[in-house]
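Comments concern the structure below.
FYI, it's all coordinate maths here, none of it is from the lab. This is a predicted model, so every value here is computed, not measured. Glycine also receives a Cβ, built like all others from the backbone with ideal geometry; neighbour counts cover every protein chain displayed.
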Amino acid sequence: MKEGNRMTRQMKSLFFILVYLILIFLPLLVFLIFETPESRAFWRDFSVLLGFVGLSMAGLQFIPTTRLAFLTDIFDMDKVYKMHHVLSVLSVLLVLLHPCILLINNPNILLLFNPFTAPWRAQAGWIGLAGLLLIALTSIYRKELHLGYNAWHGIHTLLALVITVFGLIHIFKVNYYSAALPMRIAWILEIAIWLTMIIIIRIVKPLKIKQHPFTVHQVIQEIPGVWTLVLKPRGHAGFHFNAGQVAWININTSPFTLHRNPFSVSGSALAKEELRFTIKALGDFSSSIGDLKGGETVYVDGPYGNFPLDDASTKNGLVMLAGGIGIAPIMSILKTLADQKDQRPLTLFYGSYDEENIIFQAELEKLKKVLNLTVVHVLEKPSGKIPCESGYISQAILERYLPADRDDLYFFQCGPLPMIKAMAHHLKNLGVSKQRIRSEQYEMA
């Protein structure tokens, strides 16, 4: 990436942040700038404005940000995920503070808790708030509740609809500040933006995806429970992507389905005639990959992500840290560099359980012959069959293999969340700047 492109990306990110802030604070800005109905008690108005900001923030959160290419082009996907989660929790807190402050300021508000006697405007507000709490709880505690990704996604979508509809009913039924024309225009604009983005993502994009289907060409078992899915384009030129990117796929269904699953591309970005995903059996969908016979129709939504393989920051050397199936995007990077005959220094620290669970072991050995690549296997239970370190990837192991002048190296880590946290701690202790670390973790909701 050239300096001019980097500046363009920074300008785009600042522009998006500015637009986002304007949208979430739009009701507050209208309240402060335009003439509205006479102000009431401070705490009452304060709670209402918190509710306004919380709902406008929640409405924007319902847009699947990680499936907007312009967002994942300017922001790291890992940061987009984290910010989505943080802002989701913040929107819940802001909306929750609305009735709490009202109740503290006026205990008679308790009468509105009775679903049999409360007016419809209050009931709509409680339904919307309940939906917001449920969407937060099912997202934070998805694993504890044993919700599969597709089940959670369906619940998430349904609750998003409930929150938006009943939250807006509450605002317009109360009809105090929303009775003012500027405030009505502001909320209509918010709704129009939400609906436009949903139409683009749920209708326009699937229509385009439907025109570019893929066919299952081959299913390769790498190790027990891990397969590489090889796809061939059907009736089109193929799929353009960059090394290290991600795509959502669904098999033998419709591109309009809500149930799709994200996977890292594991093939070379220069191999336009095919598309490869390496998938580990972790749920209902991923466990079914090994049962595919070939010829099935696959719809691919993507690519997403912006790993800077061509950026000057990675030219002095690339250090990759992988755990288990986290090797998938790294294989895409290595294969792409091999096809480009790139000879920059490369070091891979790869954590696995034992020798039998090393994914792509043979391919890594072949890549070492054509790349300037050092592979350090770290095994929990080594049996002595291959040279390796034992245990987990530790700070001591990193120090043992990394050069002393590691400030110019770029680090990419991919794996489960505990590994990502451990590596962040080790790299910080080694003096590696956060700006030179890219992370991709397998924790989505």
(request) Over the chain, calculate the relative contact order: mean separation of alpha carbon pairs under 8 Å at least 6 apart, over the residue count, as a percent. (result) 13 percent
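Among 328-338, 9-19, 239-249, how do they line up from the highest to the lowest mean number of other beta-carbon atoms within 10 Å?
Numbers: 328-338: 24.8, 9-19: 12.5, 239-249: 20.2.
Going by the mean number of other Cβ atoms within 10 Å, highest first, we get 328-338, 239-249, 9-19.
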(request) Would you mind checking the radius of gyration and Dmax of the chain based on alpha-carbon positions, in Å? (result) 25.0, 79
(request) Sum -39500 (n - 2.57) across every DSSP H segment of at least 4 residues in the chain, then divide by the residue count to get the 222 nm mean residue ellipticity, nearest 500. (result) -15000 deg cm²/dmol
(request) Note down the Stokes-Einstein diffusion coefficient of region 267-417 in µm²/s, whole number, using a Kirkwood radius over alpha carbon pairs, 4 °C, and 1.567 mPa s. (result) 77 µm²/s
(request) Pull up all non-local amide H partners of GLN218: gap of 5 or more, or a different chain, and H-to-H distance under 5 Å with H placed in the peptide plane. (result) VAL230
(request) With θ set to phi - 60°, apply the Karplus curve 6.51 cos²θ - 1.76 cosθ + 1.60 along region 187-203 and write out the HN-Hα couplings as whole Hz, x wherever there is a Gly or Pro. (result) 6, 5, 5, 4, 4, 4, 5, 4, 5, 4, 5, 5, 5, 4, 7, 8, 10
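Please report the antiparallel percentage of the DSSP beta bridges confined to region 312-441, to the nearest 5. All intermediate terms of the calculation are to be shown ahead of the outcome.
Details: 0 of 25 bridges.
The antiparallel proportion sits near 0 percent.
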(request) Hey, can you grab everything whose amide H is under 5 Å from the amide H of THR374? Only 5+ residues off in sequence or another chain; H modelled, so Pro and N-termini drop out. (result) LEU346, THR347, LEU348
(request) Treating only the Cβ atoms of Lys and Arg (+1) and Asp and Glu (-1) as charged, compute the dipole magnitude of the chain about its Cα centre; round to the nearest 20 debye. (result) 620 debye
(request) Give the residue from SER439, PRO213, GLY295 lying farthest towards the positive end of the charge dipole for the chain; charges sit on Cβ (+1 for Lys and Arg, -1 for Asp and Glu) and the dipole is referred to the Cα centre. (result) PRO213
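How large is the convex hull of the Cα atoms of region 15-59 per residue, expressed in Å³ as a whole number?
Expressed per residue, the convex hull around the Cα atoms of region 15-59 is 69 Å³.
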(request) Take region 3-208, compute every pairwise Cα distance, and split them into 10 Å bins from 0; I just need the percent in each bin. (result) 8, 31, 35, 20, 6, 1, 0
(request) Note down the magnitude of the dipole of region 3-208 about its Cα centre, charges +1 on Lys and Arg C-beta and -1 on Asp and Glu C-beta and zero elsewhere, to the nearest 20 debye. (result) 420 debye
(request) Select from ASN316, GLN245, TRP126 the residue farthest towards the positive end of the dipole of the chain; place +1 on Cβ of Lys and Arg, -1 on Cβ of Asp and Glu, and compute about the Cα centre. (result) TRP126
(request) Work out from phi, with θ = phi - 60° and the Karplus expression 6.51 cos²θ - 1.76 cosθ + 1.60, the ³J(HN,Hα) of each residue of region 134-144, listed in order in whole Hz, and give x for Gly and Pro. (result) 5, 5, 6, 5, 5, 7, 5, 10, 4, 5, 5
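What do the square roots of 5 times the Cα gyration tensor eigenvalues come to for region 124-193, in whole Å, largest first, as semi-axes of the equivalent ellipsoid?
Values: eigenvalues 182, 29, 12 Å².
Whole-Å semi-axes of the equivalent ellipsoid: 30, 12, 8.
Just how many % of Cα pairs in region 228-355 lie over 26 Å apart, if you round to the nearest whole percent? Each step should come with its number before you reach the end.
Working: 2011 of 8128 pairs.
Summing the P(r) of region 228-355 above 26 Å gives 25 percent of all pairs.
With both partners inside the chain, how many of the DSSP beta bridges are antiparallel, as a percent to the nearest 5? Don't jump to the answer; show the numbers that get you there.
On the way: 26 of 51 bridges.
Here the share of antiparallel DSSP bridges comes out near 50 percent.
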(request) Sort 374-386, 258-270 for me by packing, meaning the mean count of neighbouring Cβ atoms within 10 Å per residue, highest on top. (result) 258-270, 374-386
(message) Can you work out the Karplus-derived ³J(HN,Hα) for every residue in region 95-107? Use 6.51 cos²θ - 1.76 cosθ + 1.60 with θ = phi - 60°, whole Hz, and x for glycine or proline.
(response) 5, 5, 5, 4, x, 5, 5, 4, 5, 5, 6, 8, x
